[in-house]
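The values are calculated or read from the model by the stated rules, or taken from the named source; none is laboratory data. From a predicted model like this one, the values you see are computed outputs, not experimental measurements. Reconstructed Cβ throughout: ideal geometry from the backbone, glycine too, with neighbour counts over all protein chains shown.
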Amino acid sequence: MADCILVLDAGTTSTRAMMFAADGTMEAVAQQALTQHYPRPGWVEHDAAEIWDKTLACAREVTGDDVGRIGAIGITNQRETVVAWDRETGEPLARAIVWQDRRTAGFCADMKQYGHEPEVQRRTGLLLDPYFSGTKMRWMLDHDEGVRSAAQTGTLAFGTVESWLAYKLSGGAHLSDASNASRTLLLPLDGAQFDEDLCELFGVPRAALPEVVDTHGQLATCDAQWLGAAVPICGLAGDQQSATIGQGCLGFGETKATYGTGAFVLTNMGQEIPRSEHRLLGTVLYQQDGVRTYAIEGSCFVAGSLIQYLRDQLGLIGSAAETEDLARSIEDSGEVVIVPALAGLGAPHWNPDARGVISGLSFASGRAQIARAALEAMAHQTHDLASAFAADGAPWCRLHIDGGMSANDWMAQDLADILDLEVERPDFVETTALGAAILAAVGSGMQDSLERAAQAMRGGGKTFNPQMTGDVREARLARYARALTAA
């Protein structure tokens, strides 16, 4: 009996497969790390073939002999990362350029200088920044002979990671869901498909792009050769949109923040296209039967990756979990402040040239102070976003949090204190995967609406209420503002 959903969660540092029951219970999980390639400062690449091979291996591990129980597949993915492959061979033409990559900063600066940003933002909801997919596609065409040759012969396929996985699983379906497509700079928020004028502006051939489809429905079919049976692909969404759905933020104004490799905040804005005046982003949250629900978004490029940096590059901690005990071991950070601009600054600053800063160091500063300052940086960045959201008419009344870092109780409480806001964390923090399961459940007919699916598949949670005094909060934010100027 087909009573389960297979979710493929292709993240930035790892890829996973998870099997969910129809009530949202996770029955099995398999995970494999992805190799990070850093050929030059500011460049980040993945091997698309590795993403496919490891995702398939994880899928086979969790399904095993139970493929008959899988009624649908949902896919969620690191957004903005670009894969280029050959339609005839089905093989990658170059390494994928990852969302964190900053190599197109000069191209974006030139386009701003020529005055293109206001119109691009009006049409796509996005700003001219290396973060987004369109400039990465242009770079590949300009600098990779294999990609350029495939474009000339008409065999080039561009896609984000969900598009790549759907292509491989289905044996040739070239499609992208509206949530991922809205992150490319090539899709108007009010347009059904990629736009010829935007493609021309960025120098990307429209013929190389996928068809834009709903986030849930009968989207494609996984070929039986991969899992032992043909299984419909019924849910596709970028990881942050998927997490928003997994948090049940399906009503206007409901807000979630995911703390993973980066930090991403989305507020549901209903079916009205969002227009930001404070350098936030308009994006598609989900699309059903061609009708879109939108979100306004703020993205910080560095969150969990800062903790990883302290562990792997600086050797200050042995594991991410150590940071909570270190933070609790001292009264405060000793005025140490970290601005984690290791990959530039995202919203609302959008400065790709900014670099990380550790300020306030003294002989009294040790690894505990630095670890605590790293966790405090999450609340500081989020406070910047909260101010911008409020100025854009989307103030938060409550914040739903998830992602790997949210399991840290100290950090969750610090968020509530600095934001002066109630913070809620679900017991099951892997809401990105849960959101993909919810989409696939509705897309396959196992559930009849996103609202009912979320109600049935989400569990309980924990609430953190503000406890910090106003003067302590203001002093913290003032120190952060001074350090931000240095960055």
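Structural remarks
- Residue in region 353-360 that is on the phi < 0 side of the Ramachandran plot, touching a residue at least 24 places away in the same chain (Cβ under 8 Å), part of a loop (DSSP other than H, G, I, E, B) and surrounded by fewer than 17 Cβ atoms within 10 Å (Cβ to Cβ) present: yes
- In this structure, ILE296 qualifies as of a type in the set (Val, Ile, Thr) and under 18 Å from the mean Cα position of the chain (by Cα).
- If only residues of region 325-344 that are part of a loop (DSSP other than H, G, I, E, B) and small (Gly, Ala, Ser) are counted, the one that is modelled with the lowest pLDDT is ALA343.
- Test: residue in region 110-124 that is surrounded by 17 or more Cβ atoms within 10 Å (Cβ to Cβ) and in contact with a Gly (Cβ under 7 Å, 6 or more places away or on another chain): no
- Of the residues ASP47, ASP53, ASP101, ASP3, the single one that is of a type in the set (Asp, Glu) and out of contact with any Lys or Arg (no Cβ under 8 Å at 6 or more places or on another chain) is ASP53.
- The condition (being more than 24 Å from the chain's Cα centre (by Cα), on the phi < 0 side of the Ramachandran plot, among the basic types (Lys, Arg) and surrounded by fewer than 16 Cβ atoms within 10 Å (Cβ to Cβ)) is satisfied by just one residue among ARG69, ARG60: ARG60.
- Number of the exception - TRP410 against (1) closer than 23 Å to GLY253 by Cβ; (2) assigned to a helix (DSSP H, G or I); (3) aromatic (Phe, Trp, Tyr): (1)
- Against the list (1) outside any helix (DSSP H, G or I); (2) among the hydrophobic types (A, V, I, L, M, F, W, C); (3) buried (at least 18 other Cβ atoms within 10 Å of the Cβ), the condition LEU439 fails is (1).
- Residue, farthest from ARG398 (Cα to Cα), within region 449-467, restricted to residues that are in a loop (DSSP other than H, G, I, E, B) and modelled with pLDDT of 95 or more: GLN467
- Among (1) farther than 23 Å from ALA303 by Cα; (2) of a type in the set (A, V, I, L, M); (3) part of a helix (DSSP H, G or I), the one test that MET446 misses: (3)
- Which listed residue is of a type in the set (D, E, K, R) and under 17 Å from ALA475 (Cβ atoms), from GLU322, GLU335: GLU335
- Just one residue in the set ALA368, ALA354, ALA388, ALA374 is more than 19 Å from the chain's Cα centre (by Cα) and modelled with pLDDT under 90; that residue is ALA354.
- Candidate set: region 395-416, residues that are charged (D, E, K, R) and surrounded by 21 or more Cβ atoms within 10 Å (Cβ to Cβ); chosen: the one modelled with the lowest pLDDT: ASP402
- Filter result for SER299 (closer than 25 Å to ALA478 by Cβ and assigned to a strand (DSSP E or B)): yes
- Pair list, Cβ < 6 Å and 6+ apart or interchain, from region 3-15 residues that are closer than 24 Å to THR35 by Cβ and polar (S, T, N, Q) to residues that are at pLDDT 95 or above and part of a loop (DSSP other than H, G, I, E, B): none
- The sole residue among ALA347, ALA374 that is over 27 Å from ALA109 (Cα atoms) and surrounded by 24 or more Cβ atoms within 10 Å (Cβ to Cβ) is ALA374.
- Taken over region 2-42, residues that are β-branched (Val, Ile, Thr) and loosely packed, with under 14 Cβ neighbours inside 10 Å amount to 2.
- Among the residues of region 423-432, none qualifies, meaning not one is assigned to a loop (DSSP other than H, G, I, E, B), within 18 Å of GLN467 (Cα to Cα) and in contact with a helix residue (DSSP H, G or I) (Cβ under 8 Å, 6 or more places away or on another chain).
- The set of residues from region 81-109 being surrounded by 20 or more Cβ atoms within 10 Å (Cβ to Cβ), among the charged types (D, E, K, R) and at pLDDT 95 or above comprises just one member, ARG95.
- Only listed residue being modelled with pLDDT of 90 or more and in contact with a Gly (Cβ under 6 Å, 6 or more places away or on another chain), chosen from ALA347, ALA303: ALA303
- Condition check for GLU45: touching an Asp or Glu at 6+ places or on another chain (Cβ under 8 Å), at pLDDT 95 or above and either buried (at least 16 other Cβ atoms within 10 Å of the Cβ) or acidic (Asp, Glu) (or both): yes
- Matching helices (runs of 4 or more DSSP H) fully within region 194-261 where at least 3 residues are under 21 Å from the mean Cα position of the chain (by Cα) and surrounded by fewer than 19 Cβ atoms within 10 Å (Cβ to Cβ): none
- The single condition from (1) out of contact with any helix residue (DSSP H, G or I) (no Cβ under 6 Å at 6 or more places or on another chain); (2) under 21 Å from ARG122 (Cβ atoms); (3) not charged (D, E, K, R) that GLY171 fails is (2).
- Restricting the first member to region 200-220 and to residues that are free of Cβ contacts under 8 Å to residues at least 40 places away in the same chain, and the second to residues that are surrounded by 14 or more Cβ atoms within 10 Å (Cβ to Cβ) and among the aromatic types (Phe, Trp, Tyr), the beta-carbon pairs closer than 8 Å and six or more apart or on different chains are ARG206/PHE194; VAL212/PHE194.
- Considering region 451-487, and only residues there that are touching a Gly at 6+ places or on another chain (Cβ under 9 Å) and within 30 Å of LEU250 (Cβ to Cβ), the residue that is surrounded by the most Cβ atoms within 10 Å (Cβ to Cβ) turns out to be ALA453.
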